[in-house]
Every structure is written in structure tokens, then in C-alpha cells.
Amino acid sequence: MTMKTKKLLLGDEALALGAINAGLSGAYAYPGTPSTEILEFVQCNDVAKSRGIHSHWSSNEKTALEEALGMSFCGKRAIVSMKHVGLNVAADPFVNSAMTGAHGGLLVISADDPSMHSSQNEQDSRFYASFAMMPALEPSSQQEAYDMGTYGFSLSEELHLPVMIRMVTRLAHSRAVVETDENPENENELAYPANPRQWVLMPGNSRVRYRELIAQQADLERLSEESKFNRFQEGSNRRIGILVSGIAYNYVNECFPDGCPFPLLKISQYPLPRNMVAKLADSCDMVLVVEEGQPVIERGLRGLLDRGVSVRGKLDGTLPSSGELNPDNVAAAIAALVPDMKKQLLKASPEPAKIVAPRPPALCQGCGHRDVYAALNAALEEFPSPKVFGDIGCYTLGWLAPYNAIDTCVDMGASITMAKGAADAGQHPSVAIIGDSTFTHSGMTGLLDAINENTPMTVIISDNLTTGMTGGQESQGTGKIEEICLGLGVSPEHLMTIDSLPRNHAEMKTLFQQEFSYKGLSVIVSRRECIQTARRHAKK
Amino acid sequence: MKTDIILAGVGGQGILSIATILGAAALRDDLYLKQAEVHGMSQRGGDVMSCLRISSTPIASDLIPTGAADLIVSLEPMESLRYVQFLSPTGWIVSNTVPFVNIPDYPAINDVINELERRDNVIAFDMDATAKEVATQRSSNMVLLGAASTLIDIPTEKIENGIRTIFAAKGEKMVESNLAAFRAGRLRAQHREQ
């Protein structure tokens, strides 16, 4: 019998440890809440360190996924992790990795953020898996996240396909006791794919491969029917049946401490197992679909005509169509469908205290972004309609009072490209503000566009020498920002560097004004170490 | 046993170390535990909340339902009030009374304290002062843990062992001063209950 050790782990950590214990050879990622702790765990893990398992941060999610795919090509087991919007960046290799298939086990972990705790949207990664025709796993607990390391790699190698693991914030960032294995599996040996043709996605090869992928879907569904992570539970009360996926399973169970009285189908592996779904539908009058994120399963069940089995969920307002699930809104949904259970399900709670004021997040005291915004606002005062295009990072908080300094925040790198489009439209001044890590993630290519046309705009790279918002991971451009700009072709006369410090306020303001008056592209690197990482470095 | 705790505070105040210590203690006591944390943007000086559920039987949800929390444990008085709708009719609030003012419209502190103290089942005092008396102000979170520990059914020595584990890397002096803060908080709460 194998030894088990109990550990207290975040969902992210459980998943990372599960992968390490299953013979992981490489972990790839770009930081993004709520996925960051996966790679961080691998970086600190003793087995990973002694085996030299790859765990360096990548420049962005696309490079990370391609690197992981390269490792899989060589027969070794790899994971790549990102937040949900990071999968947009990696969408090209993601979709095409189902076409090439995987050789060594490949897990693509995408962590969704319903309720947008730290994100721009609530997109649901499961759509991507179905779009790419790839199997997906959705753990409902930290233990399942751990177990899906071994299971996911085996599934990937059995199907010769990458496997998506869909996480959500409340699992990624929630700790629980997990039973873990003592002895990690050996890594795979270097070995090459049996069919090298399908790794060259030229049209002739792709057409052959795509037919195979379509034919494989029946296998994917069969494996979902047989999966230990998909379970049908009988129930004596047939007024409703509950189809529940991932972490939502816990909220349903929370409603029924003595066991769920309704037939229930728990889904943690996709594509949906049609026979199990049919069994649930046949055993009740109405199906309530409880899923975290967008109504992926519910849409599938309803279809376009929605004339079959009575389906309830997010599309008809039984459950809220935005924001994350919780024990309260799940209880309310069940109570709405089974009114005589209201008393049992809905408990009185105290009124919220009216005196409480909102406390939004803010830039830290001693943060260099503050000095940049103070100087930028002062420099822009003389213009009637300046526009500042922001980006993704702590400095997005510059939109809030007291700075109210940015006009847009869309996606990684969009500051530079939107400022360019605005300048093309005749906007002046057109200013982009971007952090160092975001710049190397997705800003460099857009900057090349502006360089090639010498677009009259000003790019401020607010360099805090780290990836700050996600907790201070190393930034891929540290020490190289000016060289990168020069290498891309920024004019040396209009590439400036200044320390973003309160005492440099007047100098920064003058510098900004000077470059606003230049009718071409300027890049100003304002630099000061993140106060959070500086404190940590001081302690060492 | 089953204790559902809402841990509250302002990003950067150190509520998560309380969760870590109780987690270590619960694991040693062979209890089930679930603890949902907040990472990312909200950690930057915004309100932060963590659900900590400890039980001798398996726990379903990572989040605590409204009206079900046994305890609100807060490092800041207004933050303790932000989550009162989660409190069960028999639940307790344990809170520091020192405000953390980083917003322009922070209400009058007396109004906040009055709102807090008019409720049943409240243990609230100046935990920064207690921490300063026996250790340093930075240990106020251990004073809070000490006060809250009087209402949590985990043996005190197991929580103290948790404190030892967490601070061991920072040296014996750090361990002792945090233990002193913990005991002072505990004593103060016990005194108050009588």
C-alpha cells in the first residue's frame, strides 16, 4: 500500500503537487490571478528542485503554452497554467495543440475568475475546450485537483491529446486538507511522436488530422461516461434533478447536510456524458443546472429550440447570470423550484450594517506609479482633452481617485496599440502607460508598429522591476527595457529614463511636457522598485 | 466540533497568518478545514475577507453561507461590521477597535464603535495597545487570535504550537513575543467574559 500524507493546500497547490507526483518534467506559466500559485508551488517544491523540473516564468501565455507543447513533443509531461483571459493570448497554440495532439502528457490549466475579483471579464474556459475539441477536467475539490494530476496525464497520453483543467477562483484560492502520495513517479524518457506528420500543420496534414480528431470525439465521450469524476446519485424526490459541475457541487451539498434528496449528476469531466445526462433527465420532472461561470452545460441541454426536457438555471434567471455561485444563491434557486423546502433551505441573516463605507483597493504608499501619475496629471493640465491609454497591472488603479489618470484598460498590451490608433485618428496628446512585465508580455510588438510609422505619441513604461499585481514574480524584461526599445528601433533621442520618486516630480513633469511637444514616438521609462518587493529584499 | 469563522481586515494587515496558524492547529488535531482566501487586486489596501471553516466532519462549501458564521474575527472595527450578515444568531464578533483609515469617507470612529458594541456577543478592545504592552504593535493579529481562541474549540496548546511553527524561521525571540501577544489577547477576552 502506498503511503499517504495529509497536507493543507490551496487548490492551485494541490494541482501542482499532483502533477509533480505524477512525473512532471516542466511547468510553464505567466502570472495571473487566480492561477499564479501553481508555478510558484513548483518553484518552491523540493522534488521539483532536486529533479530540475522547469519552472521559470514565461513572457506570456502563448510562449508558455508553446514551450509546454515542445516538451510534450519530446515525450515528457508538462503543465502550462494561466488565468482565463490568458487563454485568449494562448488561443492560437491552444486550439492547434488539439490538432497536433500531445505526446508526453500535457495539461493546460486555465483558472477562471467568476465575480471578477481580479479580472476584466467572466469568460468561461470550458467553451475553449469544446471549441478545440479537447477533453476538460473541472475539479470540485482540492483533493480532486490533486488526483487530476495523475489522471490528467494518463488521459492525455491515452488520447494523445492535451487536456484542459478548468479551475475557478474559489477552488484555486481555497485551502483544504489533501491526501498526497509519498513517492513521486519517475519522469518520462525523451521520446518522439509515432506519427510526426500531424505535428506539421500544413493543410494536407491538417485535413487528415482533423478527421481523426472528429472521429476521436466518441472516445472522449465514452471516457467521460466511465470517468470516476462524473457520478450519478439516486434521489427519492423526483421533482427536480440537479446537474452540477465542479465547485458548484459543494454548494449543493452545503444545502443538504443529510444528503441531497434529489437525483444528482456531478460533472467533472467533459465532453458531457450523454447517457448520464439522459439518465438524470429521465429520473426527474425538471433539471436544475448549477455550474460556476457561464451557462455552458445549460446551453447544451436546452439546445437552440429548448423544447425538450424542462431545464432551469442561469438562462431563465433561476440562478444569477453573473457573479460567482455561493451557498446562498444555490439554496435560493432550489427553494424557488421546490417551494415547500424554503423553510429548510433559507435561513434568516442579520441586516448589513449601514455605517460601512466601501474600501476599494489603492496603490500602496511609496509606490512609484503614484509619482508617475502625479507628474503625468500635472504635465497634461495645459491640454484641453488629453487621452491616456492604460493597461493591466497595479497601475490600472490610477483610474481611481485621487489620480483619475487613465481613460482605458482593455487587455495586456492594449495601451500602446490603442494610443497608436488614437494618434492615427488625430488625438494629441496620446499617451500610453504600461508596466514592465505587461510590456514584455504584449507591448513590444505593438511598439514596433508605432516605431515603424514614427507615430506621434508618448509611451510611459512604469518599470517597478517585477510583476507587481500578482505578488512580485520576476519580470522578463528586468534590466533590459531600454535595450529592448532601442533594439526595436526607438530613436535614442526620444528614449528617456527617470527615477519615479517624489523629489523628481518637477523633472518628470518637464520631461513629459517636452516629449508631448515632439511630433513623433517617445518612450519614457520611469523606474522605481515595487515597494512590496523592495520590503522583501530589505528583509533578506 | 464545527466552527465557521469570517476573518476580516484591510489588505496587508495580516489576517492570513491567523488562518495559517489555525490551519496548522486543525491539521494536527486531525480536523477538516476549508479556507477561502483573497489574492490579487483586492490585496492592495482594499477590504479583505477569508472564510475559515473547521469541523470534525467533512465540509462541503469553501464559502460560509449568510447567517451561519460562528465568529467574525477582525483586525479593524469597520471591517468587522462589513460581514455582519454572515453572523449566526448565536455568533460572536471579536474585533480590534483601532481604525485603519485609508479612505476619505471613513465614518466617525465613535459611531463605528457604538454600532459594534450595541450588538450582543462582542469582544472588542484596542489590540494594538495590548500588543505593544507585551510585544510590539505588529503582533496585534496574535492578540486577536488569542481573544478569538476563547471561542474556538481547538486546544490552546495546539494553537500555540501553530504559532511556534509559523514563526520558527524568524527566530526564538519572534516566537516568544507572538506567544506573549496571543496569551495577552486570550487573557483579556477571558477577563471580559466574566
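What follows is calculated from the coordinates using simple rules that are stated; it is not laboratory data. Being a predicted model, the structure only gives us computed values, none of them experimental. For neighbour counting, all protein chains shown are included, and Cβ atoms are generated from backbone atoms with ideal geometry for every residue, glycine included.
Check the straight Cα-Cα distances from B:LYS158 and name the aspartates and glutamates below 13 Å, setting aside those fewer than 8 residues away within the same chain.
B:ASP29, B:ASP30
Checking the cross-link filter: which lysines have an alpha carbon closer than 19 Å to that of B:LYS173, excluding same-chain neighbours under 8 positions apart?
Qualifying lysines at Cα under 19 Å: A:LYS539, A:LYS540, B:LYS132.
Using θ = phi - 60° and the Karplus relation 6.51 cos²θ - 1.76 cosθ + 1.60, list the HN-Hα couplings for region B:63-76 in order, rounded to whole Hz, with x at every Gly or Pro.
Karplus-based 3J(HN,Hα) across region B:63-76 equals 9, 8, x, 5, x, 10, 6, 7, 8, 10, 10, 10, 8, 8 Hz.
Would you pull out the residues with amide H under 5 Å of A:ASP499's amide H, same chain only if 5 or more places away, H placed 1.01 Å from N?
The list, which skips near neighbours in sequence, is A:ARG527.
Given H placed on each backbone N at 1.01 Å, which residues far from A:GLY472 in sequence or on other chains put an amide H within less than 5 Å of it?
Distant-sequence amide H within range of A:GLY472: A:THR467.
May I ask you to derive the relative contact order of region A:281-326, considering only C-alpha pairs under 8 Å and at least 6 residues apart, and to give it as an integer percent? Don't jump to the answer; show the numbers that get you there.
Values: 48 pairs, mean separation 19.4, N = 46.
This gives 42 percent for region A:281-326.
Quick one: if you take sqrt(5λ) for each eigenvalue of the C-alpha gyration tensor of region A:368-539, what semi-axes come out, biggest first, whole angstrom? Can you show the working numbers first?
On the way: eigenvalues 102, 65, 45 Å².
Listed largest to smallest, the semi-axes of region A:368-539 are 23, 18, 15 Å.
If r is the Cβ-Cβ distance from A:LYS539 to A:ASP407 and R0 is 45 Å, what FRET efficiency results, to the nearest 0.05?
0.75
I'd like to know how region A:116-272 sits against the 2.2 N^0.38 Å rule of thumb: what's its Cα Rg over that expected value?
Cα Rg divided by the expected 2.2 N^0.38 Å: 1.23.
Report the label-to-label distance for A:LYS49 and A:ARG211 in nanometres (one decimal), using points 7 Å from each Cα along the Cα→Cβ vector.
5.3 nm
Between A:LEU304 and B:ASN161, take the C-beta separation as r, use R0 = 51 Å, and let me know the FRET efficiency to the nearest 0.05.
Between A:LEU304 and B:ASN161 the formula returns 0.25.
Among B:47-60, A:409-422, how do they line up from the highest to the lowest mean number of other beta-carbon atoms within 10 Å? Don't jump to the answer; show the numbers that get you there.
Numbers: B:47-60: 19.9, A:409-422: 22.9.
Per-residue mean Cβ counts within 10 Å order the peptides as A:409-422, B:47-60.
Excluding A:VAL523 itself, calculate the net charge of residues whose Cβ lies under 10 Å from the Cβ of A:VAL523, where each Lys or Arg counts +1 and each Asp or Glu counts -1.
Once all neighbours under 10 Å are counted, the net charge is -2.
Please compare each pair in A:LYS228/A:LYS342; A:LYS76/A:LYS228; A:LYS314/B:LYS2; A:LYS7/A:LYS83; A:LYS480/B:LYS170 to a cut-off of 30 Å on the Cα-Cα distance and tell me which ones are over it.
The answer is A:LYS228/A:LYS342; A:LYS314/B:LYS2; A:LYS480/B:LYS170.
Residue by residue through region A:233-238, what is 3J(HN,Hα) from phi via Karplus (6.51 cos²θ - 1.76 cosθ + 1.60, θ = phi - 60°)? Round to whole Hz and write x for glycine and proline.
Listing the rounded values in order: 10, 5, x, 7, 8, 9 Hz.
Between A:ALA218 and A:LEU315, what's the calculated FRET efficiency when r is the beta-carbon distance and R0 is 30 Å? Round to 0.05.
Efficiency, from the Cβ-Cβ distance: 0.60.
Can you give the local net charge around B:ALA180? Use residues other than it whose beta-carbon is closer than 13 angstrom to its beta-carbon, Lys and Arg +1, Asp and Glu -1.
+3
Remind me, relative contact order of region A:231-345 in percent, using alpha carbon pairs under 8 angstrom and six or more residues apart?
28 percent
When the Karplus curve 6.51 cos²θ - 1.76 cosθ + 1.60 is applied with θ = phi - 60°, which whole-Hz ³J(HN,Hα) does each residue of region A:310-321 get, with x for Gly and Pro?
Per residue, the Karplus-derived 3J(HN,Hα) values read 6, 10, 10, x, 7, 6, 10, x, 4, 10, x, 8 Hz.
Identify all lysines with a Cα-Cα distance to A:LYS387 below 19 Å; exclude those on the same chain that are fewer than 8 residues away in sequence.
Straight-distance partners of A:LYS387: A:LYS420, A:LYS509, A:LYS519.
Could you tell me which of rounded, prolate or oblate describes region A:231-345, using a ≥ b ≥ c as the square roots of the eigenvalues of the alpha-carbon gyration tensor, with rounded for a/c under 1.5 and, failing that, prolate when a/b is larger than b/c and oblate otherwise?
Rounded, since a/c falls under 1.5.
How far apart, in nanometres, would the label points at A:LYS343 and A:GLU189 be if each is projected 7 angstrom from Cα along the Cα-to-Cβ direction?
7.0 nm
Collect residues whose amide H, placed 1.01 Å from N in the peptide plane, falls under 5 Å from the amide H of B:ILE123; neighbours closer than 5 in sequence don't count.
Hits under the 5 Å cutoff: B:ILE93, B:VAL94, B:SER95.
Give me the net charge of A:THR467's neighbourhood, meaning all other residues with Cβ under 12 Å from the Cβ of A:THR467; Lys, Arg count +1, Asp, Glu -1.
Around A:THR467, the charge tally is -4.
Roughly what % of Cα-Cα distances in region A:4-226 sit above 34 Å, to the whole percent?
Result: 8 percent of Cα pairs exceed 34 Å.
Treat each spin label as a single point 7 Å out from the Cα along the C-beta direction, and report the B:ASP120 to A:ARG231 distance in nm.
3.8 nm
Just rank A:SER35, A:SER115, fewest to most, by other beta-carbon atoms within 10 angstrom.
Numbers: A:SER35 30, A:SER115 16.
Taking fewest neighbouring Cβ atoms as first place, the list is A:SER115, A:SER35.
Please give the Cα centre distance for region A:516-540 versus region B:2-72, rounded to the nearest Å.
Their Cα centres are 35 Å away from one another.
Can you divide the C-alpha Rg of region A:319-398 by 2.2 N^0.38 Å and report the result to two decimal places?
1.96
Length gain on complete extension for the stretch A:MET3 to A:LEU400, per 0.36 nm per residue less the alpha carbon to alpha carbon distance?
Answer, rounded to one decimal: 137.7 nm.
Rounded, prolate or oblate, given the Cα gyration tensor of region A:399-466, with a/c below 1.5 counting as rounded?
oblate
Give me a single rounded figure for B:64-72: the average over its residues of other chain Cβ atoms within 10 Å of their Cβ.
Mean shielding by partner chains, rounded to a whole number: 4.
Defining a contact as two alpha carbons under 8 Å apart and six or more residues distant in sequence, what relative contact order in percent does chain A show?
11 percent
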